[in-house]
Amino acid sequence: MKVATFNVNSIRARLPIVLGWLKQEAPDILFLQETKVQDKDFPIDSMKEAGYHAVFRGQKSYNGVAILSRSQLADVKTRFPVEDVDEARFISGRTGDINVINVYVPQGFEVDSDKFRFKLAWLEQLLKHIADHYHPSARLLMAGDFNVAFTEMDLFDPEGLRGGVGFHPDERALLQRFFDWGLVDIFRKHIPEGNEYTFWDYRIPNGFKRNMGWRIDYILGTAPLAERSRSVWIDKKARAMSRPSDHTFLVAEFE
DNA sequence: ATGGTCGGCAACCGA
């Protein structure tokens with residue numbers, strides 16, 4: 001089984017990249033974030049032609065998540081209210097005995113802002129949701145854009161960025177609690193070295209060329225899945241395609 | 001080289 005996650009930064013702007021990648025890599029599941037499209041405008045026909053089922057929840061202009069899969073997902077849920085705000089940031093479902101969750105965690109703007117507090121509350125809620133609905137001994141795969149670098153290895157300038165949004169102790173402590181519960185960072189399980197990133201800010205000149213990036217996209221799995229993971233990679237060559245996203249594909253293969 | 005990020009969507013917001 002091959003799964004991937006990609007913050008697409010507009011599914012309509014990057015439809016050729018996604019379709020090309022699906023054809024080339026033929027994943028079983030692709031998690032997409034920041035689709036930036038309302039449901040009535042989601043390019044479902046293109047996905048069908050590519051051989052994929054699609055479940056999605058979008059909103060105008062911002063956010064939006066989708067799961068593309070070879071086999072149809074059951075028990076699909078897209079509602080995830082936090083503090084009475086229900087943005088399009090969450091989709092869960094099931095394929096066979098594998099439960100899947102796709103998340104687009106709030107970015108958080110800046111530390112001590114309302115948006116930052118909302119980000120922390122959102123992550124708390126996600127943790128509670130998982131603890132309430134799943135068991136670490138069952139197969140759960142959660143992937144997406146978490147907007148948090150976990151350790152110093154996961155960003156290009158840990159000292160300069162320490163304590164800022166995306167690398168704040170409170171955010172990192174929350175990620176740790178997902179790991180404590182029983183989720184494994186599949187990338188880090190296989191690749192212990194640093195300087196491996198999934199996001200490069202558009203606003204840093206030549207940030208990608210200079211590899212000034214962050215690892216903020218994750219594929220997490222419970223132990224039964226982590227034990228069956230065979231390889232994981234960040235697909236930088238997908239960035240060579242026209243109009244690259246500021247994120248890239250993160251891919252994992254399971255037995 | 002006399003500027004310097006994207007995308008949505010129509011003036012700026014969000015990342």
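The values are calculated or read from the model by the stated rules, or taken from the named source; none is laboratory data. Quick caveat, the model's predicted, so the values are computed rather than measured. Glycine gets a Cβ as well: all are built from the backbone with ideal geometry, and neighbour counts include every protein chain shown.
Condition check ((1) surrounded by 15 or more Cβ atoms within 10 Å (Cβ to Cβ); (2) closer than 16 Å to residue A:244 by Cα) across all residues:
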site	(1), (2)
A:198	yes, yes
A:211	no, yes
A:218	yes, no
A:224	yes, no
Item to check | Residue within the range A:238-254 that is part of a helix (DSSP H, G or I), more than 15 Å from DNA strand B (Cβ to nearest atom), modelled with pLDDT of 95 or more and under 18 Å from the mean Cα position of the chain (by Cα) present | outcome: no
Checklist entry - Scanning the range A:89-131 for residues that are among the β-branched types (Val, Ile, Thr) and part of a loop (DSSP other than H, G, I, E, B), which turns out surrounded by the most Cβ atoms within 10 Å (Cβ to Cβ)? => result A:105
Item to check | One residue from A:60, A:48 being more than 16 Å from DNA strand B (Cβ to nearest atom) and surrounded by fewer than 21 Cβ atoms within 10 Å (Cβ to Cβ) | outcome: A:48
Next on the checklist: Against the conditions (1) away from DNA strand B (no atom under 14 Å from the Cβ); (2) of a type in the set (S, T, N, Q); (3) touching a helix residue (DSSP H, G or I) at 6+ places or on another chain (Cβ under 8 Å), where does residue A:147 fall short? Just the number, please.
Outcome noted: (1)
Item to check | Residues (under 14 Å from residue A:155 (Cα atoms), within 9 Å of DNA strand B (Cβ to nearest atom) and either β-branched (Val, Ile, Thr) or part of a loop (DSSP other than H, G, I, E, B) (or both)) located in the range A:191-203 | outcome: A:201
Checklist outcome for this item: Matching residues in the range A:99-131 (of a type in the set (Gly, Ala, Ser) and within 22 Å of residue A:56 (Cα to Cα)) number 0
Item to check | Sole exception among (1) in a loop (DSSP other than H, G, I, E, B); (2) within 24 Å of residue A:117 (Cβ to Cβ); (3) within 16 Å of DNA strand B (Cβ to nearest atom) for residue A:218, by number | outcome: (1)
Item to check | Conditions (1) touching a strand residue (DSSP E or B) at 6+ places or on another chain (Cβ under 7 Å); (2) over 30 Å from residue A:99 (Cβ atoms): number failed by residue A:190 | outcome: (2)
Checklist entry - Going by the conditions given, is residue A:191 crowded, with 20+ Cβ neighbours inside 10 Å and either in contact (Cβ under 8 Å) with a residue 40 or more places away in the chain or farther than 24 Å from residue A:106 by Cβ (or both)? => result no
Next on the checklist: I'm trying to understand the selection: among the residues of the range A:7-40, which are within 15 Å of DNA strand B (Cβ to nearest atom), of a type in the set (Val, Ile, Thr) and touching a residue at least 60 places away in the same chain (Cβ under 8 Å)?
Outcome noted: A:8, A:17
Next on the checklist: Among (1) surrounded by 21 or more Cβ atoms within 10 Å (Cβ to Cβ); (2) away from DNA strand B (no atom under 14 Å from the Cβ), there is one condition residue A:138 misses while meeting the rest; what is its number?
Outcome noted: (1)
Checklist entry - Within the range A:141-151, is there a residue that is without any contact (Cβ under 8 Å) to a residue 60 or more places away in the chain, closer than 29 Å to residue A:212 by Cβ and either surrounded by 17 or more Cβ atoms within 10 Å (Cβ to Cβ) or not aliphatic (A, V, I, L, M) (or both)? => result yes
Item to check | Lone qualifier among A:160, A:164 - being assigned to a helix (DSSP H, G or I) and over 18 Å from the mean Cα position of the chain (by Cα) | outcome: A:160
Item to check | Number of the exception - residue A:231 against (1) under 23 Å from residue A:67 (Cα atoms); (2) at pLDDT below 95 | outcome: (2)
Checklist entry - Can we say residue A:79 is more than 16 Å from DNA strand B (Cβ to nearest atom), at pLDDT 95 or above, among the basic types (Lys, Arg) and part of a loop (DSSP other than H, G, I, E, B)? => result yes
